[in-house]
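K.L.:
The structure that follows is given in the form of structure tokens.
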Amino acid sequence: MIVSKNAKLLAWVKSVEDMCTPDQVVWCDGSTEEYDRLMGEMVASGMAIKLNEVKRPNSFAFNSDPSDVARVENRTYIASLKEEDAGPTNNWIDPAELKATMSELYKGCMKGRTMYVIPFSMGPVGSPIAKNAIEISDSPYVVVNMHIMTRVSPKVIELIDKTDEFIPCLHSVGAPLEEGQADCRWPCAPIEKKYIAHFPEENLIWSFGSGYGGNALLGKKCLALRIASAMAAREGWMAEHMLILRFTNPEGKQYHIAAAFPSACGKTNLAMLQSTVPGWKVETIGDDIAWMKPGPDGRLYAINPEAGFFGVAPGTSESSNPMALASITENAIFTNCVVTDDGNIWWEDMGVECTGGTDWKNQPWKPGMVGTDGKEIKGAHPNSRFTAPAAQCPVICEAWEDPAGVPIDIFVFGGKRTNTMPLVHEAYDFEQGIYMGATASSEPTAAALDLGNVKLRFDPFAMTPFIGYHAGDYMQHWFDMGATLGDKAPRCFYVNWFRKTDDGKWLWPGFGENSRVLKWMCDRVDGKVDARETPIGLMPIDGDLSLEGLDVSAEEWAELMKVDADLFRGTLADAKEYLAKFGDKLPAKITEQLNALEARLG
Ligand code: OXD
Ligand code: MN
């Protein structure tokens, strides 16, 4: 066991041990031996199910408690010293008060459990852009997931010993065991005791009560987005909820694209897209988070701080994302999916037949089963996930671990709109691009649709739940970055893959065909094609975005590209109402863009 010599780290670990009183403390090393040992222990305790070694080698399934299935935004806090620094998109509690409340909860919370000290790096170990951190957790499930999602290594301890710098992340499932008390399959605390707390001024994370995803794997949303976004604003870089991909043309010229979409818009699918444009190929660098800094040549360079994919399982199929399926053939973790009778894994819309198995609630299950309410019982939870090493993706880019990052040529923003937003439009300049990102919006899902009051859900830069400070200051930081980058700033585009006809038919085939839209963007960057000036931005001239071989008629294309000024004015009115909540923190440049757009719409 390699233990740090750093006084600050040792003191923190000791203070947590004293507060949480675990049975033992184990320093993790990220080794295969450690992974296998913990998986073995979890299989023995019944927490993990080992999948069939032939069908899904070295892979395991977990089922969470039915109350602990997703990020809990209403229990997530930005505890800045001043309330106004958290802003209207965050929950705020005074940090002293929150620490007092949580310290009470942490008292004795690891009794009967092992406290794991996990040294991890977000970004390649030792790279100047990477951050060293320690997660303390009492969940072995967290340890094995951190092995895949981050770089867990004793080298991180060496770096902390040398630099005296690390980000402390404390996590407990919040379920102490009394003497002789048997553990349950998925220990966690009730919702009112769950807290996902961030102290941005101290670069500190405290999480209590949940064992699931972003609530518990603290490197991801908590560190790489909430804490990192606050650090980035202070230090002049960017931490964004963006996929990163490399698009290479037949001559070998590379374009790097970073794209922000709210959940359920196909981010992982786009990151691993199979291009249908002859000779052009996509390679994946990241599917969720981008850290970006200006490089020595003044361009913006991006790295993926993560080491794995934590992807939504349902809907992942040979047709929607064959590369994701190929990434999870072995060495994967599945949470809240169906374990089939033959020991394989399954979820809804996987595109393969399932005759039955055990569902995410650990009950015997068959497709088509209906509950007492007459509704079909889903086998997998809608937020069920796979965890897989990024290196297993067949189209992972050779540069994905390059500490220097890749230079970003293009930013893409988007949301899910069945009307109003055309397939693609380009910003006149970077500042309009910021406006597009700041007003990115999606329609509410059918379940939430109130026909009397159809409102849009705004999700600036797909970052609403992940901005670790005031969202108005965050928007201003985008303008500041624009000023730093000047004419080297990426070109900005807005896409909408989800437009429908009045009778509800998708107008655009999506998936691999989205490569046609990316190619048009690259042609714009190279100055190979002109564009039409429209009130909302620059749009393709007919014929420049190839539709060859697609079942899209001229009328459908016209509909996909239509900008209805009345509908757009409606969106603008909703955007105004939304942006008003940022008060005097709303950058004046956003208002300028909004007014200019309004004037252009006439
Ligand atoms: C995710 C999310 O899990 O954005 O990536 O919710
Ligand atoms: Mn995400």
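K.L.:
Of the residues Thr335, Thr340, Thr284, only one is buried (at least 21 other Cβ atoms within 10 Å of the Cβ), without any contact (Cβ under 8 Å) to a residue 24 or more places away in the chain and under 28 Å from Tyr212 (Cα atoms); which?
P.N.:
Numbers: Thr335 fails: without any contact (Cβ under 8 Å) to a residue 24 or more places away in the chain; Thr284 fails: without any contact (Cβ under 8 Å) to a residue 24 or more places away in the chain.
Answer to the selection: Thr340.
K.L.:
For the stretch 284-317, give me the residue count where each residue is under 19 Å from Leu270 (Cβ atoms), more than 16 Å from ligand 1 (Cβ to nearest atom) and either outside the structural domain of Thr268 (by TED's automatic domain parsing) or of a type outside the set (A, V, I, L, M) (or both).
P.N.:
So the answer is 1.
K.L.:
To continue, here is another question. For Thr464, are the conditions met, namely being among the hydroxyl-bearing types (Ser, Thr, Tyr), surrounded by fewer than 19 Cβ atoms within 10 Å (Cβ to Cβ) and within 16 Å of ligand 1 (Cβ to nearest atom)? Talk me through it step by step, then tell me what you get.
P.N.:
Values: among the hydroxyl-bearing types (Ser, Thr, Tyr): yes; surrounded by fewer than 19 Cβ atoms within 10 Å (Cβ to Cβ): yes; within 16 Å of ligand 1 (Cβ to nearest atom): yes.
In short, yes.
K.L.:
Let me ask you something else. Counting only residues that are aliphatic (A, V, I, L, M) and either at positive phi or more than 16 Å from ligand 2 (Cβ to nearest atom) (or both), how many does the stretch 196-222 have? Quick ask: steps written out before the conclusion?
P.N.:
Start the filter on the stretch 196-222 by keeping residues that are aliphatic (A, V, I, L, M), which leaves 196-197, 204-205, 216-218.
Checking the rest, the ones that are also either at positive phi or more than 16 Å from ligand 2 (Cβ to nearest atom) (or both) come to 197, 204-205.
Of the residues in the stretch 196-222, 3 are aliphatic (A, V, I, L, M) and either at positive phi or more than 16 Å from ligand 2 (Cβ to nearest atom) (or both).
K.L.:
Another question, if that's okay. I'm trying to understand the selection: among the residues of the stretch 299-322, which are more than 15 Å from ligand 2 (Cβ to nearest atom) and within 23 Å of Gly123 (Cβ to Cβ)?
P.N.:
Hits for the stretch 299-322 are Arg299, Leu300, Tyr301, Ala302, Ile303, Ala307.
K.L.:
Is it the case, given these coordinates, that Lys562 is closer than 21 Å to Gly433 by Cβ and touching a residue at least 40 places away in the same chain (Cβ under 8 Å)?
P.N.:
Numbers: closer than 21 Å to Gly433 by Cβ: no; touching a residue at least 40 places away in the same chain (Cβ under 8 Å): yes.
No.
K.L.:
Here's another thing I want to ask about it. Taking the criterion of being more than 16 Å from ligand 2 (Cβ to nearest atom), in the same structural domain as Pro465 (by TED's automatic domain parsing) and in contact with a helix residue (DSSP H, G or I) (Cβ under 7 Å, 6 or more places away or on another chain), would at least one residue in the stretch 250-257 satisfy it? Let's see the steps before the verdict.
P.N.:
To start, the set of residues in the stretch 250-257 that are more than 16 Å from ligand 2 (Cβ to nearest atom) comprises 250-257.
Pick out the ones that are also in the same structural domain as Pro465 (by TED's automatic domain parsing) and you get 250-257.
Those still in the list that are in contact with a helix residue (DSSP H, G or I) (Cβ under 7 Å, 6 or more places away or on another chain) too: 255, 257.
Taking every residue of the stretch 250-257 in turn, at least one turns out to be more than 16 Å from ligand 2 (Cβ to nearest atom), in the same structural domain as Pro465 (by TED's automatic domain parsing) and in contact with a helix residue (DSSP H, G or I) (Cβ under 7 Å, 6 or more places away or on another chain).
K.L.:
Would you be able to say whether some residue in the stretch 467-482 is in contact (Cβ under 8 Å) with a residue 60 or more places away in the chain and either within 16 Å of ligand 2 (Cβ to nearest atom) or over 25 Å from Ala228 (Cβ atoms) (or both)?
P.N.:
Yes, because at least one residue in the stretch 467-482 is in contact (Cβ under 8 Å) with a residue 60 or more places away in the chain and either within 16 Å of ligand 2 (Cβ to nearest atom) or over 25 Å from Ala228 (Cβ atoms) (or both).
K.L.:
Shifting gears a bit: Looking at Arg524, Arg491, which is the one that is among the basic types (Lys, Arg) and over 30 Å from Gly219 (Cα atoms)? Quick ask: steps written out before the conclusion?
P.N.:
On the way: Arg491 fails: over 30 Å from Gly219 (Cα atoms).
Unique residue meeting the criteria: Arg524.
K.L.:
In the set Ala580, Ala596, Ala575, which member is surrounded by fewer than 14 Cβ atoms within 10 Å (Cβ to Cβ) and of a type outside the set (S, T, N, Q)? Reasoning before the result, please.
P.N.:
Working: Ala596 fails: surrounded by fewer than 14 Cβ atoms within 10 Å (Cβ to Cβ); Ala575 fails: surrounded by fewer than 14 Cβ atoms within 10 Å (Cβ to Cβ).
Exactly one residue qualifies, and that residue is Ala580.
K.L.:
Could you go through the stretch 475-497 and let me know if any residue there is loosely packed, with under 15 Cβ neighbours inside 10 Å, aliphatic (A, V, I, L, M) and on the phi < 0 side of the Ramachandran plot.
P.N.:
yes
K.L.:
When you go through Glu577, Glu548, Glu555 one by one, which is the residue that is free of Cβ contacts under 8 Å to residues at least 12 places away in the same chain and under 31 Å from the mean Cα position of the chain (by Cα)?
P.N.:
On the way: Glu548 fails: under 31 Å from the mean Cα position of the chain (by Cα); Glu555 fails: under 31 Å from the mean Cα position of the chain (by Cα).
Answer to the check: Glu577.
K.L.:
Working carefully through the options Thr276, Thr268, find the one that is under 24 Å from Ala440 (Cβ atoms) and either assigned to a loop (DSSP other than H, G, I, E, B) or within 11 Å of ligand 2 (Cβ to nearest atom) (or both). Walk me through how you get there before you give the answer.
P.N.:
On the way: Thr276 fails: under 24 Å from Ala440 (Cβ atoms).
Every option except Thr268 fails the conditions.
K.L.:
If Pro389 satisfies every condition in (1) touching a Phe, Trp or Tyr at 6+ places or on another chain (Cβ under 7 Å); (2) of a type outside the set (A, V, I, L, M); (3) at pLDDT 95 or above; (4) more than 16 Å from ligand 2 (Cβ to nearest atom) but one, which is the exception?
P.N.:
In the conditions (1) touching a Phe, Trp or Tyr at 6+ places or on another chain (Cβ under 7 Å); (2) of a type outside the set (A, V, I, L, M); (3) at pLDDT 95 or above; (4) more than 16 Å from ligand 2 (Cβ to nearest atom), Pro389 misses (1) alone.
K.L.:
Inspect the stretch 146-161 for any residue being crowded, with 24+ Cβ neighbours inside 10 Å and touching a Leu at 6+ places or on another chain (Cβ under 7 Å) and give the result as yes or no.
P.N.:
Yes; the residues of the stretch 146-161 include at least one that is crowded, with 24+ Cβ neighbours inside 10 Å and touching a Leu at 6+ places or on another chain (Cβ under 7 Å).
K.L.:
Select the strands (runs of 3 or more DSSP E) contained entirely in the stretch 1-102, then report the ones holding at least 3 residues which are not aromatic (Phe, Trp, Tyr).
P.N.:
Numbers: elements: 24-27, 48-50, 60-62, 76-78.
In the stretch 1-102, the matching strands (runs of 3 or more DSSP E) lie at 24-27, 48-50.
K.L.:
Can you give me the ranges of the strands (runs of 3 or more DSSP E) entirely in the stretch 159-215 with at least 2 residues that are over 18 Å from Met110 (Cβ atoms)? So that I can check it myself, show each step before the final result.
P.N.:
Values: elements: 167-172, 195-199, 204-208.
Per the criteria, 195-199.
K.L.:
Do we find that Ala404 is of a type in the set (A, V, I, L, M), within 22 Å of Pro314 (Cβ to Cβ) and either part of a strand (DSSP E or B) or assigned by TED's automatic domain parsing to the domain that holds Phe498 (or both) in this structure?
P.N.:
On the way: of a type in the set (A, V, I, L, M): yes; within 22 Å of Pro314 (Cβ to Cβ): no; either part of a strand (DSSP E or B) or assigned by TED's automatic domain parsing to the domain that holds Phe498 (or both): yes.
Against the criterion (of a type in the set (A, V, I, L, M), within 22 Å of Pro314 (Cβ to Cβ) and either part of a strand (DSSP E or B) or assigned by TED's automatic domain parsing to the domain that holds Phe498 (or both)), Ala404 does not qualify.
K.L.:
Inspect the stretch 170-178 for any residue being surrounded by fewer than 24 Cβ atoms within 10 Å (Cβ to Cβ) and free of Cβ contacts under 8 Å to residues at least 60 places away in the same chain and give the result as yes or no.
P.N.:
no
K.L.:
Is one or more of the residues making up the stretch 422-435 within 16 Å of ligand 1 (Cβ to nearest atom), in a loop (DSSP other than H, G, I, E, B) and not hydrophobic (A, V, I, L, M, F, W, C)?
P.N.:
The initial filter retains those residues of the stretch 422-435 that are within 16 Å of ligand 1 (Cβ to nearest atom), namely none.
Within the stretch 422-435 (the criterion being within 16 Å of ligand 1 (Cβ to nearest atom), in a loop (DSSP other than H, G, I, E, B) and not hydrophobic (A, V, I, L, M, F, W, C)), the answer is no, since none of the residues qualifies.
K.L.:
For the stretch 43-66, state whether one or more residues are under 30 Å from Ala471 (Cα atoms) and free of Cβ contacts under 8 Å to residues at least 40 places away in the same chain.
P.N.:
No, there is no match, as no residue in the stretch 43-66 is under 30 Å from Ala471 (Cα atoms) and free of Cβ contacts under 8 Å to residues at least 40 places away in the same chain.
K.L.:
Restricting to the stretch 230-265, give me the number of residues that are within 14 Å of ligand 1 (Cβ to nearest atom) and hydroxyl-bearing (Ser, Thr, Tyr).
P.N.:
The qualifying residues number 1.
The values are calculated or read from the model by the stated rules, or taken from the named source; none is laboratory data. Note that the coordinates shown come from a computational prediction; the quantities given were computed from them, not determined experimentally. All Cβ positions, glycine included, derive from the backbone under ideal geometry; neighbour counts span all protein chains shown.
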